[in-house]
1. Under 5 Å between amide H atoms, partner at least 5 residues away or on a different chain: which partners does B:Gly40 have, H built in plane at 1.01 Å?
2. How many Cβ atoms of partner chains, on average, are near each residue of A:106-115 if near means within 10 Å of its Cβ?
3. Normalised by the number of residues in segment B:3-65, what is the relative contact order in percent for Cα pairs under 8 Å and 6+ residues apart?
4. So for each of B:62-75, A:50-63 I average, over its residues, the number of other beta carbons within 10 Å; can you give me the resulting order with the highest mean first?
5. With the Cα gyration tensor of chain A giving a ≥ b ≥ c as the square roots of its eigenvalues, does the rule (a/c under 1.5 for rounded; else a/b larger than b/c for prolate; else oblate) give rounded, prolate or oblate?
6. Using θ = phi - 60° and the Karplus form 6.51 cos²θ - 1.76 cosθ + 1.60, what ³J(HN,Hα) does each residue of segment A:124-130 get, whole Hz, x for Gly and Pro?
7. Hey, what do the phi angles of segment A:136-143 turn into as Karplus ³J(HN,Hα) couplings, whole Hz, using 6.51/-1.76/1.60 and θ = phi - 60°, x for Gly and Pro?
8. Average partner chain C-beta neighbours within 10 Å, per residue of B:36-46?
Amino acid sequence: MPNVGAELASVPFGKMIYDMASAIARSQVALDKASIQLVKVLANTTFDYVPDVVETLLPNPRQVKGAGGAPIMDSGGNPVMVTGVLVQTDVGDSFPLTLLQAGVNPTFYAFTNSTIEVKMSITSTQESSNTFSAGVSVTASADFLFCSGSVSSHVNFSSANKFSYSVTGSSSMSTTLAPVPPPKNMMPRFFLVNAIDPTKVTVSQS
Amino acid sequence: MAMQMYMVAFNGDYSQDISRDIQHHLRKCNGFTLMVMKTGIIAAFDDGMVPVIQSHPGVKLVGGVTLSPQGYAADRLQRIFAENLAKQLEVKAAE
């Protein structure tokens with residue numbers, strides 16, 4: 001008879017789990033290294049940042065002109081004026097800002113869920129067939145001083161046994177890779193010192 | 001398959017020709033250039049295309065990035081990305 005327990009015990013679960021965990025650990029290290037390298041790239045990429053643009057609307061009165069450029073006067077002989085507007089633009093001094101400061105963060109990934117699935121099918125069939133036949137033949141003859149007889153018999157027995165046993169198995173491994181917030185230890189801290197009031201220092205971290 | 005934002009860092013010093021070549025490469029991979037800098041390109045493309053983009057000789061590294069709203073210029077970057085993306089999107093007429 002098939003021993004299902006023995007078949008299941010023969011599945012190298014321990015090795016499968018170890019191999020998968022080892023592969024995940026190696027992949028995680030490689031992913032973290034790539035993300036750290038990206039932090040360096042983002043921290044070294046600067047662009048000129050214009051912090052503010054001040055637009056001031058100033059009055060710009062002007063006289064309304066008619067045909068031929070002649071000024072239009074009202075009934076009292078005063079020139080007709082419109083308020084007009086003048087936009088004065090004051091662009092603040094630009095300063096270099098890194099992409100990290102600007103708000104571009106590297107994506108970190110983590111393996112969140114891993115599954116090992118083993119499917120096993122054990123099939124066992126047994127067929128047995130027996131045939132039995134028996135026969136007896138009796139012949140007898142008699143004469144005046146003589147008689148004879150014979151008895152014959154036969155027995156046929158045949159037996160057939162078929163036995164088949166098969167085990168099929170399949171395994172699948174799956175893992176989920178999800179983006180996670182940057183680990184605190186891998187991201188730089190930003191110290192914002194207010195030069196107007198040096199006691200005000202803000203520390204932030206992505 | 002999902003469209004994500006990536007930083008495509010250049011291999012070596014900045015060259016306008018290489019930068020342009022990588023942008024064409026991105027376009028062939030159905031990607032979009034969001035912003036170009038001297039060290040690389042911030043682009044959006046399908047995550048299945050990462051190995052193809054990475055295979056370009058001018059590319060040093062491809063890494064996923066996100067925009068943190070706490071950044072000093074996050075809102076402005078977002079606007080720049082949106083404007084550049086809008087210029088590359090093809091609007092098809094309704095049939």
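1. B:Phe10
2. Values: counts 5, 8, 3, 1, 0, 0, 0, 0, 0, 0.
Rounded to a whole number, the mean comes out at 2.
3. On the way: 111 pairs, mean separation 31.9, N = 63.
Across segment B:3-65, relative contact order equals 51 percent.
4. Details: B:62-75: 17.7, A:50-63: 9.8.
Descending mean neighbour count gives B:62-75, A:50-63.
5. In terms of gyration-tensor shape, prolate.
6. Those phi angles translate into 9, 10, 9, 10, 9, 9, 10 Hz.
7. So the Karplus estimates, Gly and Pro as x, are 10, 10, 10, 10, 9, 9, 9, 10 Hz.
8. Average per residue, whole number: 2.
None of the figures in this text is laboratory data; all of them are computed from the coordinates on show. Note that the coordinates shown come from a computational prediction; the quantities given were computed from them, not determined experimentally. All Cβ positions, even for glycine, are placed from backbone atoms using ideal geometry, and neighbour counts span all protein chains on display.
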